[in-house]
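Take a look at the structure below.
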Amino acid sequence: MNQTFGNPCDLAPKGSLSATVQVFVEHMQAQGYAAASMKESTRLVKDFAAWLDQHEIEGHSMLAKHVTEYLKDRWLTHRRRCGDSFTLHAFGQFVAPDWYKASSEQEAVISPARRVRQEFEQYLLCERGLAAASILLYGNAIGRFLDSVFGVEEVRLEQITAPDLIRFVQAEAARLHHPKRAQVMTTALRSFLQYGRYCGEIIVDLHTCVPTVASWSLAGIPRTISPAQVQRLLGGCDRQSVTGRRDYAMLVLISRLGLRASEVVQLTLDDLDWAEGAIRIRGPAQRVDRLPLPADVGAALVDYLRYGRPACDSRNVFIQIHAPRRALRGPSAVSCIVRRALKRSGIDSPTKGAHLLRHSLATQMLGGGASLGEIAEILRHRSPQTTTIYAKVDLVSLHTLALPWPGGVQ
């Protein structure tokens with residue numbers, strides 16, 4: 001480090017923020033950033049620290065607005081770089097992780113509707129145990145509802161009326177188009193109204209006033225790819241590269257054990273029981289399941305952990321390839337990996353997300369003679385009704401139920 005950049009802090013006055021620059025640089029390099037890419041960032045952070053010293057701003061007084069003010073001054077004489085803001089905010093969080101985050105949140109004006117939404121999301125997390133993706137969907141729907149009813153005014157839940165609910169659902173159903181997305185919106189709305197009663201702010205039971213969006217259960221069929229296409233998908237991964245090892249291990253997990261994208265993201269090193277040959281899976285609603293670890297899945301994970309996974313502080317199994325070295329951002333990252341693998345393999349699939357492989361596993365098991373109960377156990381369905389959709393692709397069993405065509409074959 002000292003040989004690459006020198007030590008810009010040797011002459012810094014005592015108590016100066018410049019004294020933390022070198023430590024921050026070492027922290028960023030530990031996150032996987034290359035020395036060459038850190039050269040400009042080091043100069044930027046050093047100049048920012050000097051600017052803070054000049055304005056007599058100490059670490060515990062640093063705010064996000066100081067980053068904005070400094071960049072306005074800097075960009076008058078230096079070329080704008082897209083990563084400057086990110087680097088300086090990271091420096092602020094590094095210098096004062098608790099204070100900087102809290103002070104940044106205080107700077108943002110939180111509307112009454114936003115505050116109520118945040119309280120509802122906290123309720124969904126702590127009391128209901130919903131997954132992060134579900135909380136986000138519910139929160140977005142309730143945020144739009146509160147904005148439509150109260151705008152920027154104070155939120156008074158007791159003033160919500162049935163016409164408010166009907167108008168909102170009608171407008172949202174027309175905007176969302178897809179029945180499933182509209183159903184999520186109405187479910188979120190009913191949950192919020194029940195939350196209002198739970199808090200004592202809504203006295204009248206309004207959740208029955210939420211209109212029902214027309215949708216038919218099990219109307220479609222699972223969209224899948226064939227077992228041969230799954231093998232082609234796996235074979236398209238370059239297992240000699242770091243990225244290929246990670247993607248292969250991830251795709252094998254989904255295609256052999258039917259993991260959801262969120263479950264892949266949440267998988268940690270502690271969930272792998274090598275002694276017992278088992279894997280612990282953290283599913284929706286804080287549910288934890290334990291499944292046997294097939295030999296091929298275990299071999300793919302070992303290959304990735306030994307030769308592909310970068311060294312980092314995170315306990316998550318799957319880590320971003322590029323810096324910063326941390327867990328994948330969310331389920332969408334897994335779906336993007338599946339989408340790229342499909343394109344690389346030249347597979348024209350009906351859908352492109354990670355759930356495609358989960359459906360394909362269930363269909364393959366059904367074709368191999370597995371019962372719906374066994375499929376439900378592997379896929380970890382809470383309701384047997386969820387698994388019954390796969391009966392629609394069991395053509396052999398459905399053939400025995402078909403009645404002969406009147407008058408013989410036409």
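Among the residues of the stretch 250-288, count how many are in contact (Cβ under 8 Å) with a residue 40 or more places away in the chain, closer than 27 Å to G368 by Cβ and loosely packed, with under 14 Cβ neighbours inside 10 Å.
The qualifying residues number 1.
Just to be sure before I move on: is P294 closer than 29 Å to T386 by Cα and in the same structural domain as S255 (by TED's automatic domain parsing) in the structure I sent?
Working: closer than 29 Å to T386 by Cα: yes; in the same structural domain as S255 (by TED's automatic domain parsing): yes.
Answer is yes for this residue.
Can you name every one of the helices (runs of 4 or more DSSP H) wholly within the stretch 1-77 that holds 2 or more residues which are within 31 Å of the chain's Cα centre (by Cα) and at pLDDT 75 or above?
Once the helices (runs of 4 or more DSSP H) in the stretch 1-77 are filtered for at least 2 residues that are within 31 Å of the chain's Cα centre (by Cα) and at pLDDT 75 or above, what remains is 21-30, 35-54, 64-74.
Among the charged types (D, E, K, R) and crowded, with 16+ Cβ neighbours inside 10 Å: does that describe R74?
yes
Applying the selection to the stretch 321-354, what residues are outside any loop (DSSP other than H, G, I, E, B), touching a residue at least 24 places away in the same chain (Cβ under 8 Å) and under 17 Å from the mean Cα position of the chain (by Cα)?
A327, P331, S332, A333, V334, S335, I337, V338
Going through the stretch 221-240 one residue at a time, which ones are crowded, with 20+ Cβ neighbours inside 10 Å and under 23 Å from T387 (Cα atoms)?
T224, I225, V230
The values are calculated or read from the model by the stated rules, or taken from the named source; none is laboratory data. Because the structure is a prediction, the values reported are computed rather than measured. As a convention, Cβ positions derive from the backbone with ideal geometry for all residues, glycine included, and neighbour counts pool all protein chains shown.
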